[in-house]
Every structure is written in C-alpha cells, then in structure tokens.
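Here's the structure, in structure tokens; my notes come after.
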Amino acid sequence: MSNPQKAPTDDLSQVPALARSPFESVICCQEQLYLGGWEVHALLSDLSEKILSIDDNPAAVLEAVAILRVLREEHDPSIVDRLFDVIDEYLNNPLDIWTTDAGITVILEILDIIVAFKRPNDIGPLLRMMSWDIFQIPSHILLLVRRYGWRELWDAIVGVFDLRDEYDQFIRAQHALTGRMLEDARPGDPIAPESIRMELAALRVTASAATKPVLYVEGKTDRIILETAYRKLFPDKDATFLIRECDVSPNSLGGTGGAGTLARLIGSTRPDSAHSALALFDRDKEGRDAYKHLPSYFMDRPEPNYQPGRIAQGGRAAALLLPIPPGREKYAELLNLPIEFLFEDAALERKTASGSGLEFRYPQLETRVKRHGSPVVQVTTSTLPETREIVAGKMTFAEEIVPTLPVEFFGAFQSLFWHVQDMLVVELGSSKSAD
C-alpha cells in the first residue's frame with residue numbers, strides 16, 4: 001500500500017530546511033523577519049551563522065542581507081558593537097570571507113548600519129578598514145561619509161591617508177568628490193542625480209590620468225617641492241605628467257624611500273606598462289651609485305652631453321640624475337646635490353614664524369702634516385657651504401616654506417622640468433609601446 005501524498009503548503013516555515021530550494025529558504029527567512037517577534041540578539045546570532053556559510057550556501061548571503069535590512073530599522077547603538085564583533089570574528093578566517101564577492105556584499109550592508117550612527121568611537125575601527133586591500137571598502141566608506149555628512153570621520157581619513165596620491169584612481173575620485181560635497185552638504189541628504197553626474201565626470205578624469213607619464217622621485221618632500229614648483233612656474237597649465245614618490249610609508253615623515261627603492265621601482269617597469277615612467281635621482285653618492293648600477297638594459301642616451309639620461313630597452317622607463325643648475329657645480333662635484341640645493345641660499349635659510357626650517361651640519365676636516373717623522377693632525381669644522389648636509393627640517397621646508405617663496409626662486413626648476421619633459425615626451429612618448 002502506497003504512502004499518501006502530503007498536501008502542498010504555502011507556509012514555507014513548515015517545510016524542512018534541507019528540503020527548501022535556495023529561493024524558498026530566502027523567502028522563508030524574509031517572511032519570519034518582517035512578521036516581527038525577533039529579538040535583536042537573536043538576529044545578530046543568526047547573522048553570524050549565515051555569514052559562516054555564505055561561501056557554501058547561495059541563499060545564506062541573501063538571508064544575511066535580509067537580517068541586516070531589519071537591523072537597520074533598529075535604533076540601538078549597541079548593534080554597532082556587535083557588528084564590529086562579527087567583522088572581527090571572521091577577519092582572519094581561513095576562508096577569507098570578506099574578500100569574496102558574497103562577503104563584500106554583506107560587509108557593505110554592515111557598513112551602512114555602522115556609519116549611520118556616527119559614533120566617535122567607531123572612527124578608529126573604520127580607519128583600520130580603510131587600510132584593507134579591498135577596493136570596495138574604502139570606496140563605500142567615502143560614499144557613506146558623503147551620505148551622512150560625517151565630517152569628523154572625513155577629517156580623520158584625510159589626516160591618515162594620502163587618498164589623492166597613493167590610492168586607486170577611483171578612490172581618488174571619491175576623495176575629491178567627498179571634499180567638494182562636504183563644503184555645503186547637509187547630514188542625511190540623499191545623493192542627488194547631479195552629484196552622480198559629478199562623480200562620473202570625476203571618474204573619467206582620473207581614469208584618463210592613469211595613463212599619464214609618471215615622474216618618480218625618492219621621497220615625499222621631493223614630490224611636494226616639485227609639485228609646488230610646477231604650480232609656481234606654470235600656474236595656468238596642467239602638468240602632462242604625474243609626480244609620485246617611491247616612499248610608501250603611511251606617515252608624513254616617510255622613511256621607506258631613497259635611491260635604492262627608486263632604482264628597484266624603475267627597474268621593474270614592464271615594457272607593456274600602461275604609462276611611461278622616469279626616475280629622478282638626487283645627485284648625491286646614493287643617487288649616483290643607484291643610477292650607475294641600474295640593470296644592463298638601461299642604455300645611455302646617444303648624446304649624453306646634450307641629452308643626459310638612460311633609457312630602458314622597450315621604451316617605457318628611463319632614469320635621470322638631477323640636473324646641475326648654474327652656481328651649484330661644486331655641490332655636484334662633491335656628490336652633495338639633493339633637490340633642496342636647487343634653491344638659492346636665501347631660500348634655504350628661511351624660517352617659519354616659529355623659527356623652524358632646514359637644519360645643517362658641517363663635516364669635520366682633518367689636516368695632516370708630516371714633521372720629523374711624526375704626523376701633526378689638525379681637525380677643524382668645514383665652513384664651505386658646498387659641504388653642508390641637511391639633517392632636519394625637510395618636511396617643514398617643503399610644506400611651509402617653499403609655498404611662500406616668490407616665483408623667482410624657482411629658476412633651476414624650469415630647467416629641470418624641461419629635462420623631464422624631454423625624456424618623457426621625446427624619448428618615451430615616441431616609443432611604439434606607447435601607441
């Protein structure tokens with residue numbers, strides 16, 4: 001005798017979970033949520049279980065999102081603490097949940113809840129998430145900063161991260177748009193259609209900039225000085241190349257750059273790179289040695305007296321020593337010509353209102369005279385300006401003093417930019433790889 005068939009039911013909650021399709025499972029979850037009667041702590045516990053299975057169960061991610069949509073309607077700030085716990089719980093999971101497409105979908109929903117509360121104590125954890133190597137995370141946080149007008153979080157972000165220069169091009173566009181919108185945005189305002197058009201325009205601009213030639217320098221202060229010099233000399237002309245330092249440390253003091261790092265960076269530029277790259281080395285011992293010992297596929301230009309520099313085979317990378325301006329020949333001869341010494345002494349000696357500026361150290365000179373078989377040694381401190389070494393104050397000089405200098409102080413930089421343009425356009429811009 002056959003078993004009688006079970007009558008179909010429209011109540012999915014009565015269907016065993018294993019017998020449900022992914023679609024039915026999601027509908028069931030949503031029905032239970034929106035019918036109410038769930039406690040917040042139970043929702044959070046269930047959310048944690050759903051997240052653990054989002055890689056194996058296609059319905060789990062939608063169920064997790066459904067739970068988060070309900071939690072978004074709650075007004076209990078303690079939810080935020082538990083959501084951060086959920087994030088941290090799976091941060092070092094072997095499955096790398098937050099790097100998967102499903103995980104990113106869930107964590108963006110979580111961020112929508114967290115940022116809406118605008119709690120000062122949450123700024124620290126959000127800053128740590130900004131440093132994750134997942135494009136969607138910092139991009140979405142910036143969008144939420146605009147949506148909720150959270151100026152304190154914005155100030156903290158720009159105080160820690162150099163979004164304009166060191167992030168993905170699309171995040172740089174988000175950075176520019178957020179700064180502009182916060183000038184007169186009201187908290188809670190929706191993003192208007194005209195703002196979306198602004199964002200698309202900004203993305204197009206930064207996308208086109210991604211293929212611009214790049215001038216790489218050794219450190220942060222070098223980049224700051226060169227950017228200021230270009231604005232002073234060419235106030236109405238956009239640069240045809242980007243300026244980037246090879247120092248990738250997150251703090252403003254730098255410390256991971258230098259001639260060796262710059263040499264490794266330019267030496268690793270591929271012949272099929274989307275942009276051409278030029279490395280500018282200081283004319284000191286470290287810079288000269290790094291320039292001299294570039295890989296063998298870097299060849300001297302054919303007329304070194306007129307056109308200094310070295311070009312990599314393939315035509316997408318080049319290197320240049322800092323050109324010697326008139327009056328600084330002795331500095332170059334002593335291998336003591338960093339970018340600061342392109343300025344005249346009157347600029348190098350300037351101080352801020354608080355008395356800060358460049359600090360120098362002069363080397364000790366030793367004189368030996370042989371007399372009656374025994375040498376006489378005399379040690380004195382050098383007074384030659386060409387021998388002095390900068391020991392402190394570079395960041396203050398670059399950020400606070402250089403911008404106050406009149407354009408007449410930047411004469412040596414005009415010649416430098418001519419050399420840079422000559423290398424990037426004449427040599428690298430004419431290569432077949434650039435087409």
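Yes or no: His41 in a helix (DSSP H, G or I) and at pLDDT below 80?
Values: in a helix (DSSP H, G or I): yes; at pLDDT below 80: yes.
The answer is yes for His41.
Out of the range 349-375, which residues are touching a residue at least 24 places away in the same chain (Cβ under 8 Å) and closer than 22 Å to Gln414 by Cα?
Arg350
Select from the range 255-270 the residues that are touching a Ser or Thr at 6+ places or on another chain (Cβ under 6 Å) and either among the polar types (S, T, N, Q) or farther than 11 Å from Gly219 by Cα (or both) and list them in ascending order. Give the steps one after another, and end with the answer.
So the first thing to find is which residues in the range 255-270 are touching a Ser or Thr at 6+ places or on another chain (Cβ under 6 Å), and the list is 255-256.
Of everything in the range 255-270, just one residue is touching a Ser or Thr at 6+ places or on another chain (Cβ under 6 Å) and either among the polar types (S, T, N, Q) or farther than 11 Å from Gly219 by Cα (or both), namely Thr256.
Could you please find all residues in the range 319-331 being part of a helix (DSSP H, G or I) and either of a type in the set (D, E, K, R) or surrounded by fewer than 14 Cβ atoms within 10 Å (Cβ to Cβ) (or both)? Steps first, answer last, please.
Here is the first cut: in the range 319-331, the ones part of a helix (DSSP H, G or I) are 329-331.
Within the range 319-331, Glu329, Lys330 meet the criteria.
Given the criterion surrounded by 13 or more Cβ atoms within 10 Å (Cβ to Cβ) and under 19 Å from Asp55 (Cα atoms), identify the matching residue among Ile113, Ile104.
So the residue among Ile113, Ile104 that is surrounded by 13 or more Cβ atoms within 10 Å (Cβ to Cβ) and under 19 Å from Asp55 (Cα atoms) is Ile104.
Would it be correct to say that Gln169 is at pLDDT 70 or above, surrounded by fewer than 20 Cβ atoms within 10 Å (Cβ to Cβ) and under 21 Å from the mean Cα position of the chain (by Cα)?
In short, no.
Looking at the range 310-318, is at least one residue of a type in the set (A, V, I, L, M) and either exposed (fewer than 15 other Cβ atoms within 10 Å of the Cβ) or over 15 Å from Ile266 (Cα atoms) (or both)?
First, pick out the residues of the range 310-318 that are of a type in the set (A, V, I, L, M): 311-312, 317-318.
From what's left, either exposed (fewer than 15 other Cβ atoms within 10 Å of the Cβ) or over 15 Å from Ile266 (Cα atoms) (or both): none.
Scanning the range 310-318, I find no residue that is of a type in the set (A, V, I, L, M) and either exposed (fewer than 15 other Cβ atoms within 10 Å of the Cβ) or over 15 Å from Ile266 (Cα atoms) (or both), so the answer is no.
Among the listed residues Ala279, Ala317, Ala312, identify the single one that is under 28 Å from the mean Cα position of the chain (by Cα) and without any contact (Cβ under 8 Å) to a residue 60 or more places away in the chain.
On the way: Ala279 fails: without any contact (Cβ under 8 Å) to a residue 60 or more places away in the chain; Ala317 fails: without any contact (Cβ under 8 Å) to a residue 60 or more places away in the chain.
Result: Ala312 is the single residue among Ala279, Ala317, Ala312 that is under 28 Å from the mean Cα position of the chain (by Cα) and without any contact (Cβ under 8 Å) to a residue 60 or more places away in the chain.
Mind listing whichever residues of the range 126-135 are surrounded by fewer than 18 Cβ atoms within 10 Å (Cβ to Cβ) and modelled with pLDDT under 85?
Of everything in the range 126-135, those that are surrounded by fewer than 18 Cβ atoms within 10 Å (Cβ to Cβ) and modelled with pLDDT under 85 turn out to be Ser131, Trp132, Asp133, Ile134, Phe135.
The values are calculated or read from the model by the stated rules, or taken from the named source; none is laboratory data. The structure displayed is predicted, hence computed values, not measured ones. FYI the Cβ positions are ideal-geometry reconstructions off the backbone, even for glycines, and counts take in every protein chain you see.
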